[in-house]
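Below: the structure, in structure tokens.
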């Protein structure tokens, strides 16, 4: 991995994890979280939902198949930092273009490895996600008290990360089909757009602050509210737009979009202790009785008690029984907390895009 680099991971509670550095020689802060997937690190690192977070991989070996030119979920690395047990510096895969070390360095993101990630994850599971600071250096060790101070200054729940990751201008993706969807981009994964295009649905991706009037002027057949980072309670401007649109067009919400729909109808959300992040979360469809294995990445959940009587819960997390899906009893409006497009993760739930297409007919 080139010249020897050292690193420190300092948690808000004062815990310090020394290790080896990779990626950029830099210092960054973020909310420390973990993901249980054993592959798909490139998709996770480029997922805008991780903006403002330091990601810990529970799988012990990361980087063994390198980084390719295809599996991007956005145009850049979105995490603030990366924590791993072991990082492979000689990846082997036919599509590999660069090492994970070079990939993070190119986007100025620090990483730390040779860390007991089991201890890090136990800390998060016992005490919940918390702010942290990661610093990679090759010279003098940074002052630990300064790193701790930086970690403690971060209040993740007070920052509107959607403003940072939403598209800055309208993007259009046209295919031969007779359906058009407006996608409210709160930090959309590219795979969601691919799923729509693969069903011959044209997509117009718009900034999160676009008004309902402007969206309706595009005369779409449906609306998709995307995934994204941060606390949904901060996104009243998107909820206001959704409140208007749901009475006029079929509407589908994914992850953060699901939470925004809840806020749009007067519901509330709450923060989970350590979130759901990984590719192996069981979710029960309460209508069919089937259990699906799902890909998830979220730190907040919908408060079922706050939902109005017009909405019914359709899916439930079979680990902790939190709400994983809901629908309006009369209008073509539905949402799921998990990621039907997966990447990484199982493809059990891609049928939901077919359901969305059906709602527009």
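The values are calculated or read from the model by the stated rules, or taken from the named source; none is laboratory data. Since we're looking at a predicted model, the values are computed, not measured. When we count neighbours, we look across all protein chains shown, and the Cβ atoms used for this are built from the backbone with ideal geometry, even at glycine.
A compact table of results
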read-out	value
Per-region count, the range 326-355, residues over 25 Å from residue 303 (Cβ atoms) and within 18 Å of the chain's Cα centre (by Cα)	8
Test: residue in the range 138-145 that is under 27 Å from residue 55 (Cβ atoms), modelled with pLDDT of 95 or more and crowded, with 22+ Cβ neighbours inside 10 Å	no
Which numbered condition residue 358 fails, given (1) in contact with a strand residue (DSSP E or B) (Cβ under 9 Å, 6 or more places away or on another chain); (2) over 28 Å from residue 32 (Cβ atoms)	(1)
Residue satisfying condition, being farther than 29 Å from residue 203 by Cα, modelled with pLDDT of 95 or more and not assigned by TED's automatic domain parsing to the domain that holds residue 56, within set 289, 299, 266, 253	289
Some residue of the range 231-248 being within 25 Å of residue 281 (Cα to Cα), in the same structural domain as residue 283 (by TED's automatic domain parsing) and buried (at least 24 other Cβ atoms within 10 Å of the Cβ)	yes
Qualifying residue in the range 87-101 (condition: under 14 Å from residue 34 (Cβ atoms), touching a residue at least 40 places away in the same chain (Cβ under 8 Å), assigned to a strand (DSSP E or B) and not assigned by TED's automatic domain parsing to the domain that holds residue 225)	no
Residue list for the range 178-196, filter: in contact with a strand residue (DSSP E or B) (Cβ under 6 Å, 6 or more places away or on another chain) and either surrounded by 21 or more Cβ atoms within 10 Å (Cβ to Cβ) or without any contact (Cβ under 8 Å) to a residue 60 or more places away in the chain (or both)	180, 181, 182, 183, 184, 185, 193, 196
Checklist (1) over 21 Å from residue 276 (Cβ atoms); (2) in the same structural domain as residue 73 (by TED's automatic domain parsing) applied to residue 194, failing item	(2)
Test: residue in the range 61-69 that is more than 24 Å from residue 148 (Cβ to Cβ), over 21 Å from the mean Cα position of the chain (by Cα) and surrounded by fewer than 18 Cβ atoms within 10 Å (Cβ to Cβ)	yes
Selection from the range 1-38 of residues that are out of contact with any strand residue (DSSP E or B) (no Cβ under 6 Å at 6 or more places or on another chain) and either buried (at least 22 other Cβ atoms within 10 Å of the Cβ) or at pLDDT below 95 (or both)	2, 3, 4, 38
Breaking point among (1) in a helix (DSSP H, G or I); (2) touching a residue at least 40 places away in the same chain (Cβ under 8 Å); (3) under 22 Å from the mean Cα position of the chain (by Cα); (4) surrounded by fewer than 23 Cβ atoms within 10 Å (Cβ to Cβ), for residue 119	(3)
Subset of the range 194-241 [farther than 29 Å from residue 158 by Cα and out of contact with any helix residue (DSSP H, G or I) (no Cβ under 7 Å at 6 or more places or on another chain)]	194, 197, 198, 200, 202, 204, 216, 217, 218, 219, 220, 221
